[in-house]
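What follows is a single structure, written as structure tokens, with notes after it.
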Amino acid sequence: MGLGNLDNLVKIGQLKLEPSDQSEFDGMVNSARRRLKDAGVEQLSDDSRFSLAYGAAHALSLAAMRWHGYRSENRYLVFQCLEHTVGLEKAKWRVLDKCHKQRNLAEYEGHLEISAQLLEELITIVGELLKLVEGLDGR
């Protein structure tokens, strides 16, 4: 994986080097598992399911970054780095980036319109991401 790209982000101050912590990693992955499971509950509103799936995606993305000894304070950057931390296809992390923009519209402008297709795509990608992140730990 192109972790050299992450080192370049450290050089320009976009990422920080920080030793990984197994307990922190496990906590993020466990949180993501719970959120992903709850996002699959179709009786919940699409807004709630989206928030849960997005939260799971962010937790897993951050866990992957932390596994490799990096930390980011920018939410969007953890999605963009998935190509390097777990080998996620560019098209898939771009969907997560789109979801990040949707989340920001909801959080900062009170506007959330999630299509059923985007929600299902998000949940599917988070399921794939969970397997990739678990693979980092040899599980």
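The values are calculated or read from the model by the stated rules, or taken from the named source; none is laboratory data. None of the values given here were measured: they were computed from a predicted structure. Quick reminder, even Gly has a Cβ in these numbers, built from the backbone with ideal geometry, and neighbours come from all protein chains shown.
Filtered by the rule that a residue be assigned to a loop (DSSP other than H, G, I, E, B) and either β-branched (Val, Ile, Thr) or touching a strand residue (DSSP E or B) at 6+ places or on another chain (Cβ under 7 Å) (or both), segment 65-92 gives GLY69, VAL86. Candidates ALA63, ALA59, ALA32, ALA53: the one that is in contact (Cβ under 8 Å) with a residue 24 or more places away in the chain and in contact with a Cys (Cβ under 9 Å, 6 or more places away or on another chain) is ALA53.
Residues that are touching a residue at least 40 places away in the same chain (Cβ under 8 Å), in a helix (DSSP H, G or I) and over 12 Å from LEU129 (Cβ atoms) within segment 35-50 comprise ALA39, ASP46, ASP47, ARG49, PHE50, listed in sequence order. For segment 93-136, a residue qualifies if it is outside any helix (DSSP H, G or I) and loosely packed, with under 13 Cβ neighbours inside 10 Å, and the qualifying residues are GLY110, HIS111, GLU113, SER115. Against the criterion of being surrounded by 22 or more Cβ atoms within 10 Å (Cβ to Cβ) and either modelled with pLDDT of 95 or more or over 16 Å from GLY27 (Cα atoms) (or both), VAL78 qualifies.
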